[in-house]
1. Helix 79-110 versus the longest principal axis of the chain: what is the Cα-based angle in degrees, 0 to 90, to the nearest 10?
2. For region 223-469, what is the per residue volume of the convex hull drawn over the alpha-carbon atoms, in cubic angstrom?
3. Under 20 °C and 1.002 mPa s, how fast does region 153-196 diffuse according to Stokes-Einstein, given a Kirkwood radius computed over C-alpha pairs? Answer in µm²/s, whole number.
4. What is the Rg over Rh value, at two decimals, for region 363-504, using alpha-carbon atoms and the Kirkwood definition of Rh?
5. Summing +1 for each Lys or Arg and -1 for each Asp or Glu, what net charge is found among the other residues whose Cβ lies under 10 Å from the Cβ of residue 466?
6. With point charges of +1 on the Cβ of Lys and Arg and -1 on the Cβ of Asp and Glu, referenced to the Cα centre of the chain, which listed residue (364, 22, 274) lies farthest in the positive direction of the dipole?
7. Mind pulling up the Rg/Rh value for the chain? Radius of gyration and Kirkwood radius, both on Cα.
8. Which value at 222 nm does the chain reach when only helices count, each DSSP H run of 4 or more adding -39,500 (n - 2.57), with the total divided by all residues and rounded to the nearest 500 deg cm²/dmol?
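None of the figures in this text is laboratory data; all of them are computed from the coordinates on show. If you're wondering where the values come from, they're calculated on a predicted model, not measured in any experiment. Ideal geometry is used to build each Cβ from the backbone, glycine not excepted, and the neighbour counts take in all protein chains shown.
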Amino acid sequence: MRRLPIDSALMASLASGILLALAYPRPGFYLCAWFAFVPVLIAARQRPWRNGFIVGVVFFALVLYWVNVVMTTFGGLNWFFSLIAYLLLSGYLALYFAFALFFAVALRQKIHLPYYLSLPSLWIALEFVRAKLFSGFPWGLLGYSQSDNLIVAQFADMFGVYGIGFIIMLVNAVIAEWLLAERVRRIELRPVLAGTVLLILCVIGYGWFRLDNLHSGTTDERTRVTLVQGNIAQSLKWDPAYQQVTLDTYRHLSLSPAVVTPELIIWPESATPFYFQESNQLSRQVRDIARDQSVHLLFGSPAYEANGEGLRYFNSAFMLTPSGEISGRSDKVHLVPFGEYVPLKNILTFVDKLVVGIGEFSPGEMTPLDFDGKKAGVLVCFEGIFPELAAEYVRRGADLLVNITNDAWFGNTSAPWQHLAMTRVRAIENRIWVARAANTGVSAFIAPSGEIIAQSGLFMEATLTAGIFPGAESTLYRQFGFTLPYLCCAISLLLLRRYLKRQP
């Protein structure tokens, strides 16, 4: 019986997709990212569009497998339609991989431009577009693969997550060119290889220096902050019959003997599943907790405002003073499509929100919240994965970034850990403490170095208390944060223009 030929490019593409997925939590083998693209770059010079698409589909299918849990368990979607939606999402995101690889190969073949002069810029430009287009979905950016690699991750305070991704792709491209080159050509590539090695050594050296500098400590006075993780099941969270049970859980945890004289207590997103702004028995109980502990209390709650057309609803965070008075409210500005609102609702009339809640939210106002002479910038839920939002809060005077979230609808998957990993990069980019309160985990205190000082487990009640140093260090990233991706976009357009001019 005749054996079927093995499509080596297909196998290489599958290998690249798997290697790249392994670099992300969990399992988080971050070193895999530094050579994950080498197989496909070597083998996929023919049919680069197909092979780039395969890499993307495999990668996103493995990293975003939890989407099925959200749609079937909490969205009530039939498993067949959930699978279709999941594959369509993976296919859409894979198009960015396909574009990058196709044009890198085309530039190499038509104008003899090596991968290392085209692919890093193309990759970052397309990641940047993906983070902006159709509301934006920057989940799984290449730089996030290094969130556990703290030495390399320190580079984020210079050029953000995109800077880390640029270097990773540059290393992949140089390795691929070296392996593809003939012996004579390798001699010509030695300066490129040496320069790349020198760049990596500089990044490592910078990382060691910054970590050592941050570990040297500070004489500033610490501020004690407590995170409360209520572990309220998603199936019960919005059930009116369980509102008092939910509040009793947060009261018990906040007033427990383990919570010792903090200046600020933080509850997660939608910790009060009712309109706190209304004067009722439940809202009075929340105010009493702040008074009993004589502490500032920050918590998530839905809110609403009247306008000429009716009511607008917001996913908000409130800050209470130790006397139980509202000192401020901050609203979520970047909403989850199909989770908090339905895009193109007039056209997609058959689509409803996947996540059960109070109704369709509207984007609100970014407002740092005052506590004890300091300011907290509140990133609600997946706002923590958008670099520009965290940077804007710090520009507006935030001394502490707070990420309140409800990851219960992810279930016991790798998604909460991926979410946490991306939030860690926000701490490094802005050199600021991040306090993360999650309904079911992972709650954590993240130092400006990206190190996790304390964290909870998943699906458990927990309180965490830590002493933090409020304030943000000035960083190159915050001043010129998006220079690199914009520059990569400009370079990519110039390369494509040059390529089109060479076309017959």
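1. 40 degrees
2. Working: hull volume 30.9 nm³, N = 247.
Each residue corresponds to 125 Å³ of Cα convex hull volume.
3. 186 µm²/s
4. Details: Rg = 18.3 Å, Rh = 16.5 Å.
Taking Rh as the inverse mean 1/r over Cα pairs, Rg/Rh reads 1.11.
5. Working: positive: 222, 224; negative: none.
With Lys, Arg at +1 and Asp, Glu at -1, the net is +2.
6. Toward the positive end, the furthest listed residue is 22.
7. Ratio value, two decimals: 1.00.
8. Helices in the chain give a 222 nm mean residue ellipticity of -15000 deg cm²/dmol.
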